[in-house]
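Following: one structure in structure tokens, then a few remarks.
Bear in mind these aren't lab numbers, they're just calculated from the coordinates by the rules spelled out. Remember, it's a predicted structure, so these values are computed and weren't measured experimentally. Cβ: placed from backbone, ideal geometry, glycine included. Neighbour counts: every protein chain shown.
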């Protein structure tokens, strides 16, 4: 009986020691969920230096973009693309394929999920009709097909007439219609429609 008691105690001590080692190892392990909350996960998944991008639709070039640096952040809840060192975009219309419009800015951010674009810093937009829009920031909601800003907008037409929208503007994304807020300027009288026509 003494032999059976010793064997029983040895098995229990071995089991107890094994459990003690197991729990001591688990208790020393760090909680990885707490650790991840403290670390920055907002880092670019792709970095393109001296980027030249061409976007086509059925063989037709819709857009040519160039930027010294493009960073794509895709491992977050709301992925986006940033051009921190400026961007130069030429956009083409099928009606005038040889005369591109342009957009230049010192900074651009694109949220592809929301179809929302923004540009900041010395923004210059030239339409393929020759109108130039200058402002400090502009936003494009592609879903609503609307471009807008609350910054002062300076517009120069190809005939030299100027317009200033002191409190910003809204426009269709093809610039076929736009509204300026608190505007002033010199406009060619030939462009003002006569009443009743």
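Rounded to the nearest 0.05, the FRET efficiency derived from the C-beta distance between residue 174 and residue 85 at R0 = 25 Å is 0.30. Based on Cα contacts under 8 Å between residues 6+ apart, the range 40-191 shows a relative contact order of 12 percent.
Cα-based values for the range 40-191, radius of gyration first and Dmax second, are 16.5, 58 Å.
Take the Cα of residue 141, step 7 Å toward its Cβ, do the same at residue 77, and the gap between the two points is 2.1 nm. Model label points for residue 120 and residue 161, set 7 angstrom from Cα along the Cα-to-Cβ axis, are 3.4 nm apart. Label positions at residue 48 and residue 113, each projected 7 Å from the Cα along the C-beta direction, are separated by 2.1 nm.
Applying 1/(1 + (r/R0)^6) with R0 = 25 Å to the Cβ-Cβ distance of residue 106 and residue 58 gives a FRET efficiency near 0.15. Placing R0 at 30 angstrom, the Cβ-Cβ distance between residue 93 and residue 150 gives a FRET efficiency of 0.65 after rounding to 0.05.
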